[in-house]
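Worksheet: the structure to be examined is printed underneath.
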Amino acid sequence: MNPRLIAAVAVCVLLAAGVAVYAMPPGLFSPPVRQPAKSAWRVGPQDVKLTVVTDPKLKAPRLLIPRSLLVTTTPEPKRVGAAGRIPAVMAGLALSSALVVGGLWLAGKGGRRTRAAALVLGVLAVIGAGTAWADIPAPWWQPRPPRPGPPFMPPVEKPEAPPALKLPANVTLPADIQIEVVDAGEGLRLAIPGAARPAAPLGTPGR
Amino acid sequence: MSAAALPRTAEDAPAPPAVGLAALAVTAGLALIACLAPLRASIVAVFLFAGPHNWLEARYFLSRLPARAGRLRGYFTLAFAGIVGLSAAFLVLIAGPGVWCLDGEAWAVVHGIVQTALILWVALLAHMRGHTNPRRDRGWVWPAALLLVAFAWAFPSLWSAALVYTHPLLALWLLGRELQRSRPELLPALRLVLMSLPALLALLWWRHSGGPEMSPGDLLGMRIADHAGAGVLPGVSAAFLVSAHAFLEMLHYAVWVFAMPLVGLKSPPWSLDGVPLTWRGPRWRWILAGLLLAGLFLMLVLWAGFLIDYPAARSVYFAVAIVHVLAEFPFLIRSL
């Protein structure tokens, strides 16, 4: 067998092993650790349904606010698994192997000037491409992500005291009411003390 | 007496300019059809010529196989093993997401493995070709192949789109080799066609870049647009991609259905005269005749499928047609 081929294969294997060890992130083959879901306050107006119900056990009107209206739970970001890293590792391995095999091929043929010129050109091309690639945040056909900056805080306006309005279903409220954050539910519920009456969504004509 | 003073034979004489102009006119006509009605052109071209061009391609390859493999036994064994194995692998790749429920990451890995196998198979064929007469230095094949492997892993969608657009051009390359071998006087006509391709593609780009974006309303139109790479290259007009693909597809069919039988076959396609494998005996002649008849039968089945359910038959055809795409590589490399 051609000694040059054996040398090329040996260099490729060594390089492949080195790149694989370097590129392999810690815990590549360990089971993924589940991160807790992140929560954040919901800021800004929301469209919710208000339902007025009566509860004879209550002593004061109570506004029941579901937890989902106050906080938002961001889904856990998709974890890039072991399989997701393989294409980048393989591309790197193939590129480095191409450089090694191409260099060995050039070394075995042509004059000294040709070899030197090819080597300089190859190194310049690799360094130049690597530098240019590192400065490009995304391929040209993909939209660039927004640059990180200070978090946007909407200006907080002090709400003026709204004029008192008559509520539907002949409901009258005192100046002070209770609020309660509940786990379940989708819309707001206003529970008022009194005899049991059928629930009436806000906006339905009063009985 | 110098070589320049030698009398030229009729075969060496250049073809009249009319041949080149006729080839150019046909190419420009195909580009015009693809420009005006890309979806219809693609549908009609596949319906009419998908089957016949495969059959004629198989017939041409039969005529290029030697009667005895001899020292080429390893080359052709590797070629046929690659055609069969890679065709199966590509079918797995196509059916993978649906049948084996591969997610995106697993599919990307399987895709990379299959494409790597394809590139290394072609590189190995080229390497083996370099060790047979006429011998040439093919040392550049491996670095080039490894660069392509890196590209296929880094940009799988772009690589697939590149394969879709490269395949029609392989036919022109094979035609060039065949012309050089048997009808060199026609080479200027082919060069004229090749030189016109960038200009015609640029015209298609200019025609479609400023116009309304293509939005095929039916499933078939969406499949054709996807096949042309409309989802892969979002910055490029889908209308241009579909028309460019339809143009190159029609050119590919024109080469295999009209040009290659005229140039590359010594006998009519239905005749086995001049096929070296038939020299091995009457049994081989019967086997080859059976193969050609089976091909004709498959062609009729394909046409029936197109008539019954065109979109489904087209999808099946493009999945199975990978066989003829792969078969072109060994014969092209052998002719270089």
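The values are calculated or read from the model by the stated rules, or taken from the named source; none is laboratory data. Just so it is clear, the model here is predicted, and its values are computed rather than measured. Please note: Cβ atoms are built from the backbone with ideal geometry, for glycine as well, and neighbour counts cover all protein chains shown. Side chains included, ligands, DNA and RNA excluded: accessible areas come from the protein's heavy atoms. Shrake-Rupley method; radii C 1.70, N 1.55, O 1.52, S 1.80 Å.
Assorted remarks:
- Amide H partners (placed H, <5 Å) of A:V52, local residues excluded: A:L190, A:A200, A:L202
- Mean shadow area of the range B:200-336, taken as a quarter of the surface of its Cα convex hull (nm²): 11.1
- The range B:218-261 gives an Rg/Rh value of 1.11, both radii derived from C-alpha positions and Rh following Kirkwood.
- Only protein heavy atoms count here; on that basis, with a 1.4 Å probe, B:D309 has an accessible area of about 70 Å².
- In order along the range B:143-149, phi translates into HN-Hα couplings of x, 5, 5, 5, 4, 5, 4 Hz, rounded to whole numbers, per the Karplus curve 6.51 cos²θ - 1.76 cosθ + 1.60 with θ = phi - 60° and x for Gly and Pro.
- Interface burial for A against B (accessible surface, 1.4 Å probe, total of both chains, Å², rounded to 100): 1600
- Measuring heavy-atom accessible area with a 1.4 angstrom probe and counting protein chains only, the residues of the range B:135-166 that give up at least 40 Å² relative to the chain alone are B:D137, B:P143, B:L146, B:A150, B:W153, B:F155.
- Ligands, DNA and RNA aside, B:V122 has an accessible area near 30 Å² when probed at 1.4 Å.
- Percent carbon-and-sulfur accessible area, the range B:103-192, ignoring ligands, DNA and RNA, probe 1.4 Å: 71
- When nucleic acids and ligands are ignored and a 1.4 Å probe is applied, B:V84 ends up with an accessible area of around 100 Å².
- Reference-scaled alpha-carbon Rg (2.2 N^0.38 Å with N residues) for chain B: 1.05
- Spin-label model distance (nm) - B:K266 vs A:A40, 7 Å beyond Cα toward Cβ: 7.6
- With the convex hull of its Cα atoms as the shape, the range B:258-336 has an orientation-averaged projected area of 6.6 nm².
- Against the criterion of solvent-accessible heavy-atom surface with a 1.4 angstrom probe, B:I119, B:I308, B:I33 sort, most first, into B:I308, B:I33, B:I119.
- Across the range B:35-160, the volume of the C-alpha convex hull divided among the residues equals 174 Å³ per residue.
- Global form of the range B:105-226, assessed from the alpha-carbon gyration tensor, a/c cut-off 1.5: oblate
- Shown for the range A:86-109: residues covered by the partner protein chains by 20 Å² or more of accessible area relative to the chain by itself (probe radius 1.4 Å), namely A:I86, A:P87, A:M90, A:A91, A:A94, A:L95, A:A98, A:V101, A:W105.
- Order of exposure, largest accessible area first, which applies to B:M195, B:M250 with probe 1.4 Å: B:M195, B:M250
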